[in-house]
Amino acid sequence: MTPSSLMRTTRMVLLAGVAALVLAGCATNRTAAFNADYSNLSGPQIQASVADLAQRYAANPRDKSLGIHYAAALRAAQQNDQAVIVLENLMGTYGGDADVGLAYGKALSAAGRFEQALRVVDNATNPVAPDWEALSVRGAILDQMGQHEQARQSYRQALLLAPQASQLHANLGLSYAMTGELQAAEAHLRQAMSLPGANARTSQNLALVLGLQGRFAEARLLYAAVLPAEAVEPTMDYIRALLTQQNRWQQIEGDTPA
C-alpha cells in the first residue's frame, strides 16, 4: 500500500473518532458545570440522559448549564442538528458568553459545519489568555477540515497551558494517524494513556493504530480490555479487512496475523 493510500484509509477510519474524542468535555480550567460529556455512556444511558434533559430543558430553555448539557447529550446520541438548534437558542440569550460559544462551536463541528464552527470558536477564545480546551476544539475542527499542521499548532499551544492533559496528547496522536504517520500517532496516544483522564476511547484509538501497523496481538489485548468480549474478534477482522483491501500485508515486516 502506498503512503497516500494508507493515509486515506487511516483518515477514513479515524475521522469520526477524532470528532468524538476531541470535542468531548473533560476536566479543564472551565467551570465544572459546563464540562458536559455523555460520549462515554452506553447507548441506553445516552438515550435516558437525552430524555431526562429534554424534559428539563423544555421547562427552562434559558438555563445556560442545562442547555449546554442537553446539547452535549444530543451530540452523543448523534442528533447533531438538534444540538445546533439548542445552542443557537442559547446564543440568543448568551451571545457573548465563552462557554456557550464553545459549546455552539462543538455542535456545529459535529454537524459538519466546520468553517462556521471555527469562526464561532475563534470568537469565543480570548486571544490574550486562551482557554486550552478552546484551543483543543479549534484543533479538532482544523483536523476535520484537513488542515492538520494548523491543528497541531493549536494542540501544541494548548499543551503549553496544560502539559498533563491526556486529551491533548490523544488529539495529537489522532491528528498524526489521520495523515498516516502511525509511529508518531502511537507515541502520542501512549503518552495520553499514561496520564490521568485517559479513557476507553483513547485505548481503542491506540489499538486501531497498532492494528494498522499489523501489530494484531497488541491491538487485541487493548481491545479486550475495553470492548465487550463478543466485539473483539469482529473488530480485529475489520482491521485485517482494511489492510487486505489495500494490499498492505506484504509491507508489514516481521509480523504475522495473530
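The values are calculated or read from the model by the stated rules, or taken from the named source; none is laboratory data. Computed from a predicted structure; not experimentally measured. When we count neighbours, we look across all protein chains shown, and the Cβ atoms used for this are built from the backbone with ideal geometry, even at glycine.
For beta carbons closer than 9 Å, sequence separation of 6+ or different chains, a first residue in region 85-100 that is surrounded by 19 or more Cβ atoms within 10 Å (Cβ to Cβ) and a second that is in a loop (DSSP other than H, G, I, E, B) and not charged (D, E, K, R), the qualifying pairs are V86/P61; L90/P61; D99/T31; D99/A124; V100/Y94; V100/A124. The residue pairs whose first member lies in region 129-150 and is surrounded by fewer than 24 Cβ atoms within 10 Å (Cβ to Cβ), whose second member is part of a loop (DSSP other than H, G, I, E, B), and whose beta carbons are closer than 6 Å, counting only pairs six or more residues apart or on different chains, are W132/A162; A134/T125; H148/T179.
Of all residues in region 200-258 being at pLDDT 80 or above and in a loop (DSSP other than H, G, I, E, B), which is farthest from S175 (Cα to Cα)? Filtering region 200-258 for residues that are at pLDDT 80 or above and in a loop (DSSP other than H, G, I, E, B), the one farthest from S175 (Cα to Cα) comes out as P228.
Restricting attention to region 111-129, does a residue exist that is modelled with pLDDT under 95, on the phi < 0 side of the Ramachandran plot, touching a Gly at 6+ places or on another chain (Cβ under 8 Å) and not in a helix (DSSP H, G or I)? Yes, region 111-129 contains a residue that is modelled with pLDDT under 95, on the phi < 0 side of the Ramachandran plot, touching a Gly at 6+ places or on another chain (Cβ under 8 Å) and not in a helix (DSSP H, G or I). With respect to the stated conditions, A58 fails to be part of a helix (DSSP H, G or I) and touching a helix residue (DSSP H, G or I) at 6+ places or on another chain (Cβ under 7 Å). The sole residue among A177, A192 that is closer than 16 Å to R152 by Cα, modelled with pLDDT of 95 or more and part of a helix (DSSP H, G or I) is A192.
Output the number of residues of region 97-120 satisfying the condition of being farther than 17 Å from D37 by Cβ and not polar (S, T, N, Q). Final tally of qualifying residues: 13.
Note on region 75-105: residues that are under 17 Å from the mean Cα position of the chain (by Cα) and under 23 Å from D122 (Cα atoms) total 7.
Has region 193-209 got at least one residue that is over 18 Å from the mean Cα position of the chain (by Cα) and of a type in the set (K, R)? No: zero hits. Quick one: L87 ticks every box in (1) of a type outside the set (V, I, T); (2) in a helix (DSSP H, G or I); (3) within 22 Å of A192 (Cβ to Cβ) except a single one, so which number is it? Answer for L87: the failing condition is (3).
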